[in-house]
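Trainee: Below are the structure tokens for one structure; questions will follow.
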Amino acid sequence: MTEGGVADPGEAFAVQLRDVWLRLGREVILRGVTLDVPAGQGVTLLGENGAGKTTLLRLLSAGLRPTRGEGRVLGFDLRDSRGVRDAIHLMPVDGGLYPDLTAAENLAFALRMHAQAGDVPGALRRVGLEGAAQRRARFLSAGMRKRLALARAHLLARPLTLVDEPFANLDDAGRALVQELLLELRGQGCSLMIAAHEPALAQVVAPRTLRLAGGLLREEGGA
Amino acid sequence: MTEGGVADPGEAFAVQLRDVWLRLGREVILRGVTLDVPAGQGVTLLGENGAGKTTLLRLLSAGLRPTRGEGRVLGFDLRDSRGVRDAIHLMPVDGGLYPDLTAAENLAFALRMHAQAGDVPGALRRVGLEGAAQRRARFLSAGMRKRLALARAHLLARPLTLVDEPFANLDDAGRALVQELLLELRGQGCSLMIAAHEPALAQVVAPRTLRLAGGLLREEGGA
Amino acid sequence: MRQALTVAAKDLRVAGRTRDTLLATAFFAGIVLLVLGFALSGGVVSRDARLTAPLAAGAIWTALALAAAVGAQRAFAQEQEAGALEQLLAYPGPHGALYLGKLLGVLPPLLLVAAVTVPTGLVLFGASEAVTAAGRALPWAALALTTALGVLGFAAATTFYGSITVNLRAREALLPALAFPILVPAVLATVQATRLLLEGGWSPEVTTWLTFLTAFDLGTIILATLLFPAAVEG
Amino acid sequence: MRQALTVAAKDLRVAGRTRDTLLATAFFAGIVLLVLGFALSGGVVSRDARLTAPLAAGAIWTALALAAAVGAQRAFAQEQEAGALEQLLAYPGPHGALYLGKLLGVLPPLLLVAAVTVPTGLVLFGASEAVTAAGRALPWAALALTTALGVLGFAAATTFYGSITVNLRAREALLPALAFPILVPAVLATVQATRLLLEGGWSPEVTTWLTFLTAFDLGTIILATLLFPAAVEG
Amino acid sequence: MKRDVTTTVLGAASLLGLAVVLGLSLTSPLDVNQGSLVRLMFVHVPEAWLSYLAYGGTGLFGLLYLIQRRRHWDRLAMASGEIGLLFTLATIVGGMLWAKPTWGTYWVWDARLTTTALSLVVYGGYLLIRSLIDDPERRARVSAVVGIVGTLYVPVNYMAVEWWRGVHQTQTLKLLGGVRWDAAPIYLPTLLLSVASFTLLYFFLLRLRGTLAAREEAREERELTGVTGRVEVARG
Ligand code: HEM
Ligand SMILES: Nc1ncnc2c1ncn2[C@@H]1O[C@H](COP(=O)(O)OP(=O)(O)OP(=O)(O)O)[C@@H](O)[C@H]1O
Ligand SMILES: Nc1ncnc2c1ncn2[C@@H]1O[C@H](COP(=O)(O)OP(=O)(O)OP(=O)(O)O)[C@@H](O)[C@H]1O
Ligand SMILES: [Mg+2]
Ligand SMILES: [Mg+2]
């Protein structure tokens, strides 16, 4: 790691990456990504289809290991998967829900796995799913699944929350809801990283904007 | 069926529904939908999350049977699943691709199942996937999968093409591409039915707008 | 028919390009043979065809029946993943062709595995030696015919079974239990034919069993092709 | 431990709801019993416990080993669907707990299948008759203990391999192929214990086998819990 | 890449040893019971020994990989696995050919034979798993796990089988025909030399295969990253 940027834990960073390379199969997806995200910041991640946004989020959630380079998430080395997993939550594109658990059960399961308590019915009401609480996730519509995943991210409120395409599949009310809930998360001090194709919508929540292109990350516009 | 609207085959309709009800599990999703879509028309289908848009498209593609009511698709009764399937193509939200076939193989398979010939490499180039032709669908990004599904719909060019959320997961270039390809399809005389949450984008291709709410279909704005 | 072939070609491509399915299935059949051999024979070696024949027949056909079941299960599980099944059912043409396609896709790897499993099993269980010790030649042609008919029957039955279970709602959980007995005649006929062939070569009894097996194969395929649309329809 | 229980409770809830694991497991166990039953009963039929006991034991335990493999595979395939596995692995806490949770989730349906398979197998192979004919009562309690220990061992090993094969092509066949060699000591011990119990009731030899089996179970669980994180980590 | 002296020396030494063994065995006296067939022992036993050695290697290198996470160990584990598979196969085929004239049958369900056949499946599974995973890191990790478990269970298998025989006396053929050993102590030195040569052969093959794999990997890495300068030099 260059210049020992992690020396001081007081100067807290949510994410620090130093020249991270990542190869998947025969493709090199990330070609030297360096990034510092101070704790509490919201970052919008842009990039064309296939640029590697999802891959970067999976890397930050310790789901993938960098081929080369180093990184820290909230002070934990990326290779220390257990530490990292304690601090993050990734809301994946497809929701990552159990198709055969009901909406309420899905939320309760996530809470119990985090040893957290939370108001499941309240969270469902918040995202407009009170009527579908007892319906299996398999039978929810695409947008309803997204809402459920959003409710989960909001309930868990991990210090670093990674969000993959939160606005896709949602109606206008749903998009406003995403902004509202994510803003609340930031208000609670969570750092956010949002991969999206709707810069205007995401930047309301996460003003700092980064663009991934050719495996490299570049700052975009005024942070 | 009211007023025997299907009497004259010359006065061609792509879709005719008469008071269609549909129940799934314990939910009643459609509560008396009546609809006439003349052949060659483009229809944008709007509605909140969970309104039943996907369900309506599945019904039209003979994937579900109406609980009550009748309907015809390009002159075939909805209950005559074989006739209907001959005439339609549904592009589902999740693409419906084989994860372990490559992009090119997925397209070739669809063509052969329809006993059609087509330019697979050309189609892939068109949607910007020429570099990923030999990559398995499993390893494509969300947007790339959408592009692949779009290429398939464009290659098949069925008389009635049903499109579920074509703009989700795509970058700006991808969205423009969807409009371009779908417009080409309409130019070839295909009827289109697009379920989307981006009315502005969809209406460019399919100006007639319908809104599904409370299980009922209503005409919106100027057709 | 074109559709059936397209589906089969697709399945074979998925299986063949990676060649994993083939290898894994062969492995699987091999290990079943080994485990059964060890579990059943308990170290007793026998030169008597009357003792080795049932063991060999039982072990070989257990291995092949399981391989068929695994293959069929895989054939549909693969469609299920990522919602491809609904897409497959939406293609034009009769749904019966899809069943035939799946069956054709399951068969070739299975036949290949059978071509290895049967001789290996006969050698490992000493059946081939028992036969030659009795002064007879192994009836290879007849065994091959039995194997082909048997594998076809198993594949037809398990593929149908797979098509029923893939889309199952909890309500219909009884259906597979009802479909299971379909397997009984096929098992009975193949096992008996193999045992008789090993014990005494070709005989009218063998002919009867093989005729029965042929009838079963045809019957299952026709019935399954007819019932498949009802089983998968939305 | 809390996590393990949470995962197990979730799996059991899903299993109770869809019942597909139970069905698939029972299907495979059924095929093995059916084929072997026909094959072996056709030959030398015997009422002698010394002949029927090894056959019954071998058939039953092969069937259960397979059923365990199928059950474990389902347990992970179910996570895989809809990308829930990656999500599961991203929860905080040690990954070893997830292994234990999965194991606890796999066990109850398996025990249920075993509770049906063992008596059925004993009757089918004439072992129960042979025993009662010899004027003894079937040692049900001891058989139940053997079954429980055996199923635990099978489940422990196959669940571990299930986590490895879940992401791979051809996983249905691959899992049993990988897990069976490891299971051989357990199969051996259960077969011997069952055989001895059928032949002559409880004896010090049986105790030895059951002790061995317990050691195998514990060893496998501990080893698997330790290696599991390395097997699944991103 | 520069020529590797150690590999060359190892190769030469093992070849020399094998040549001497060949000479000795051809000149050794015929056995009372087996005739010239007894010479098969000088191949059969070292082959079996080598496959055990290779198996141990796979487990050990796998463990080292998990601890140190150096790709070097993974390559060695793979090389060891391939060698093991090869020589297990050789043991079985050779053994079966030997068994036919001596026991009158190719195969018996003897404990040792079954264990050997099972280790074939274990090795095969190990290599199969490797061929199924594309991502090198994951491949290394998962196969290390499979290799370790496999290696640990070979002695367990073996002991269980011994135990079984010990507890339950069955009159089955025993591989170690004591008669032959007592009758012909003259074979012992040749056998020992043969075992030593095969051991050398193992290390030679291991180095060779490991180096080859390292080169392949380095080339692939170069092609993929397209940045020649930055590539770590793969260690053989
Ligand atoms: C399929 C046939 C055979 C297989 C798979 C096989 C396998 C093996 C294996 C794995 C070993 C070494 C490991 C151990 O100590 O357990 C071994 C050792 C040996 N085998 Fe075989 N073998 C076969 C046939 C034979 C035959 C036919 C003979 C001789 C008549 C024979 C004689 C020996 C001897 C003398 C040893 C050395 C034992 C020792 O030093 O412990 N094997 N065999
Ligand atoms: N296992 C893999 N093997 C090979 N290539 C892969 C693998 N996984 C992902 N890729 C490739 O990595 C690239 C980046 O994928 P990723 O999902 O990160 O894109 P993305 O930026 O999220 O795109 P989108 O906006 O479409 O979601 C794609 O080109 C994809 O094909
Ligand atoms: N099998 C089923 N059993 C019970 N309810 C179902 C089933 N399938 C769908 N539903 C319900 O039907 C409703 C309509 O779902 P549908 O997927 O058609 O919505 P949609 O309009 O496409 O929404 P979105 O915009 O989110 O995609 C939802 O409330 C859903 O929960
Ligand atoms: Mg993405
Ligand atoms: Mg929808």
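Trainee: Just from the alpha-carbon atoms, what are the Rg and Dmax of chain A in angstroms?
Mentor: My reading of the Cα-based Rg and Dmax gives 17.1, 54 Å.
Trainee: In segment D:93-175, which trypsin sites (Lys or Arg not before Pro) are in a loop and have at most 16 other Cβ atoms within 10 Å, using DSSP for the loop call?
Mentor: Values: sites: D:LYS102, D:ARG136, D:ARG169, D:ARG171; in loops: D:ARG136, D:ARG169.
Those satisfying the criteria are D:ARG136.
Trainee: Ignoring everything but the protein chains, give the 1.4 Å probe accessible area of D:SER128 in square angstrom, nearest 10.
Mentor: Per-residue accessible area (D:SER128): approximately 20 Å².
Trainee: OK, next. Quick one: give the max-minus-min coordinate of the C-alpha atoms of segment D:50-120 along each principal axis, largest first, in Å.
Mentor: Principal-axis extents of segment D:50-120 (Cα, largest first): 54, 22, 15 Å.
Trainee: Which value, in Å to one decimal place, does the Kirkwood hydrodynamic radius take for segment D:97-168 when every pair of different Cα atoms is included? Each step should come with its number before you reach the end.
Mentor: Values: mean 1/r = 0.0718 Å⁻¹.
So the Kirkwood estimate lands at 13.9 Å.
Trainee: If you take the charge dipole of segment D:1-122 about its Cα centre, with +1 on Lys and Arg Cβ and -1 on Asp and Glu Cβ, which of D:LEU122, D:ALA24, D:ALA97 is farthest toward its positive end?
Mentor: D:LEU122
Trainee: Past 31 Å, Cα to Cα, is the threshold; run A:LYS146/D:LYS10; A:LYS53/B:LYS53; A:LYS53/C:LYS102; A:LYS146/D:LYS102 against it and keep the listed order. Could you put the intermediate results ahead of the total?
Mentor: Details: A:LYS146/D:LYS10 21 Å; A:LYS53/B:LYS53 29 Å; A:LYS53/C:LYS102 37 Å; A:LYS146/D:LYS102 27 Å.
As for pairs spanning more than 31 Å Cα to Cα, those are A:LYS53/C:LYS102.
Trainee: Can you list, largest first and rounded to whole Å, the semi-axes you get for chain D by taking the square root of 5 times each eigenvalue of its Cα gyration tensor?
Mentor: On the way: eigenvalues 227, 65, 41 Å².
Output for chain D: semi-axes of 34, 18, 14 Å.
Trainee: From the backbone phi of segment A:177-190, what are the Karplus-calculated ³J(HN,Hα) couplings (6.51 cos²θ - 1.76 cosθ + 1.60, θ = phi - 60°) in whole Hz, Gly and Pro given as x?
Mentor: Values per residue, Gly and Pro as x: 4, 4, 4, 4, 5, 5, 4, 4, 4, 5, x, 7, x, 6 Hz.
Trainee: Relative to the compact globular guide of 2.2 N^0.38 Å, what is the alpha carbon radius of gyration of the protein assembly as shown, as a ratio? Walk me through the intermediate numbers first.
Mentor: Details: Rg = 31.9 Å, N = 1150, 2.2 N^0.38 = 32.0 Å.
So the Cα radius of gyration is 0.99 times the expected 2.2 N^0.38 Å.
Trainee: Please list, in chain and number order, the residues 5+ apart from B:GLY42 or on another chain whose amide H is under 5 Å from its amide H, with Hs placed from the backbone.
Mentor: B:LEU192, B:ARG208
Trainee: Label 7 Å along Cα→Cβ of D:TRP202; segment D:85-115 residues with amide nitrogen under 12 Å?
Mentor: Nothing falls inside the zone, counting backbone N under 12 Å.
Trainee: What translational diffusion coefficient, to the nearest whole µm²/s, does segment D:174-234 have by Stokes-Einstein, given a Kirkwood radius computed over alpha-carbon pairs, a temperature of 20 °C and 1.002 mPa s viscosity?
Mentor: On the way: Rh = 13.2 Å.
Value of D from the Cα-based Kirkwood radius: 163 µm²/s.
Trainee: At 0.36 nm per residue, and after removing the present C-alpha to C-alpha distance, how many nm does the segment from B:ALA213 to B:GLN116 gain when stretched out fully? Before the final figure, lay out the partial values.
Mentor: On the way: separation 97, 0.36 × 97 = 34.92 nm, distance 3.77 nm.
Gain on extension, B:ALA213 to B:GLN116, equals 31.2 nm.
Trainee: Continuing with this model, one more query. Give me the accessible area per residue for chain D, probe 1.4 Å, as a whole number in Å². Intermediate results must be reported in sequence, preceding the final value.
Mentor: Details: 6760 Å² over 234 residues.
Value returned for chain D: 29 Å² of accessible area per residue.
Trainee: Additional query: How big a patch of accessible area, both sides summed and in Å² to the nearest 100, lies buried between B and A at a 1.4 Å probe?
Mentor: Numbers: alone 10460 and 10450 Å², together 19390 Å².
In total, this chain pair buries about 1500 Å².
Trainee: What part of the accessible area of chain D, given as a whole %, is carbon or sulfur when the probe is 1.4 angstrom? Don't jump to the answer; show the numbers that get you there.
Mentor: Numbers: 4780 of 6760 Å².
Heavy-atom surface of chain D belonging to carbon and sulfur, 1.4 Å probe: 71 percent.
The values are calculated or read from the model by the stated rules, or taken from the named source; none is laboratory data. For clarity, every value in this text was computed on a predicted model and none was experimentally measured. Every residue, glycine as well, gets a Cβ built from its backbone with ideal geometry; the counts of neighbours run over all protein chains shown. Ligands, DNA and RNA are stripped out before the accessible areas are found, and what is left, the full protein with its side chains, is counted by its heavy atoms. Shrake-Rupley method; radii C 1.70, N 1.55, O 1.52, S 1.80 Å.
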